[in-house]
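This report refers to the structure that appears directly beneath it.
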Amino acid sequence: MTKVAVVTGGSRGIGAAISIALRDAGYQVAANYGGNDEAAAAFTQATGIATYKFDVGDYEACAAAMAQIEADLGPISVLVNNAGITKDGFFHKMSPEQWRSVINVDLDSLFNCTRPVINGMRERGYGRIINISSINGQKGQVGQVNYSSAKAGVIGFTKALAQEGAAKGITVNCVAPGYIATEMVSAMNPEALAKVKAGIPCGRLGESEEIARAVVFLVEDPGFINGSTLTINGAQYIAG
Ligand code: NDP
């Protein structure tokens, strides 16, 4: 039976590349998105991949959506927790909303999306969970105390859940991208982006497809890679 993979934020940017790479590797993919109906419709039209609209920050919505995906496509074997946002600003000027919304979408989402599928994976003795962190969760970043906190939390979540699921055939791994050429990065101010590029030893931004290849690699691993964080950043930051 074709395995079902859910990719949150799977309709644009890195997530879209992951959805396509998993489809090409033979998975039945459900790509989640948050609000951009137009981009999701264009993605489905171009790829044939089904899209599901729900807010990864809302537990009830995630539980209902995962049940719907299982009813439509079958048991979920692969979950890629990719959806994420930034709301940058210096900490001394950061509002509670900036803090809460980034923690909610970038970290609470891992609980919200994984909790409804983990028991099925445990019962079936198989699961692959890949969480997308960030270079800025590894090293910290000025103007991103909220985002760096959430993305560091993603790594802790990965390490702990990997230990819980290993005996049940579930692996939980993390990919920590550096700066990738997506809309999230294009939205940076040009001066800041030029500085970032100058700090990447390989001299360029990464491509979404380079992250997607790594995700497929981790999904297809037989099970001994577990709890790891794969750093993909052009040697910008070498995590210990
Ligand atoms: P994009 O902004 O290009 O795409 C984000 C995706 O997430 C969209 O599909 C969006 O849906 C979805 N999304 C956002 N909020 C929600 C929500 N509340 N509920 C459901 N879906 C939501 O992001 P990127 O591709 O750049 O980033 C993907 C991941 O990679 C993020 O976790 C990001 O933090 C991480 N990352 C990105 C880096 C980069 O350089 N780009 C570097 C390191 C990490 P919609 O289309 O409806 O808005």
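Miscellaneous remarks
- Filter result (in a loop (DSSP other than H, G, I, E, B) and hydroxyl-bearing (Ser, Thr, Tyr)) within region 107-126: Tyr126
- Cβ-Cβ contacts under 9 Å between residues 6 or more apart (or on different chains), taken from a first residue in region 189-208 that is over 21 Å from Gly13 (Cβ atoms) to a second residue that is among the polar types (S, T, N, Q), are listed as Gly199/Gln236; Pro201/Gln236.
- Wholly within region 141-233, helices (runs of 4 or more DSSP H) carrying at least 3 residues that are away from the ligand (no atom under 15 Å from the Cβ) and not basic (Lys, Arg): 145-165, 190-198, 208-220
- Among the residues of region 61-84, those identified as touching a residue at least 60 places away in the same chain (Cβ under 8 Å) and under 26 Å from Ser148 (Cα atoms) are Val78, Leu79, Val80, Asn81, Asn82, Ala83, Gly84.
- Filtered residues of region 125-140 (kept if open to solvent by less than 20 Å² (accessible area, probe 1.4 Å) and either more than 13 Å from the ligand (Cβ to nearest atom) or touching a residue at least 40 places away in the same chain (Cβ under 8 Å) (or both)): Gly127, Arg128, Ile129, Ile130, Asn131, Ile132, Ser133, Ser134, Ile135
- Considering region 1-23, the residues that are among the hydroxyl-bearing types (Ser, Thr, Tyr) and under 17 Å from Val175 (Cα atoms) include one that is farthest from the ligand (Cβ to nearest atom), namely Ser19.
- Residues that are near the ligand (Cβ under 8 Å from one of its atoms) and not acidic (Asp, Glu) within region 32-62 comprise Asn32, Tyr33, Gly34, Gly35, Asn36, Ala39, Ala40, Lys53, Phe54, Val56, Gly57, listed in sequence order.
- Just one of the listed residues (Gly223, Gly206) is open to solvent by less than 90 Å² (accessible area, probe 1.4 Å) and either touching a His at 6+ places or on another chain (Cβ under 7 Å) or on the phi > 0 side of the Ramachandran plot (or both), and it is Gly223.
The values are calculated or read from the model by the stated rules, or taken from the named source; none is laboratory data. These numbers were taken from a predicted model, which means no experiment stands behind them. Ideal geometry is used to build each Cβ from the backbone, glycine not excepted, and the neighbour counts take in all protein chains shown. Just so you know, the surface numbers come from the protein's heavy atoms only, side chains and all, with ligands and any DNA or RNA stripped out. Shrake-Rupley method; radii C 1.70, N 1.55, O 1.52, S 1.80 Å.
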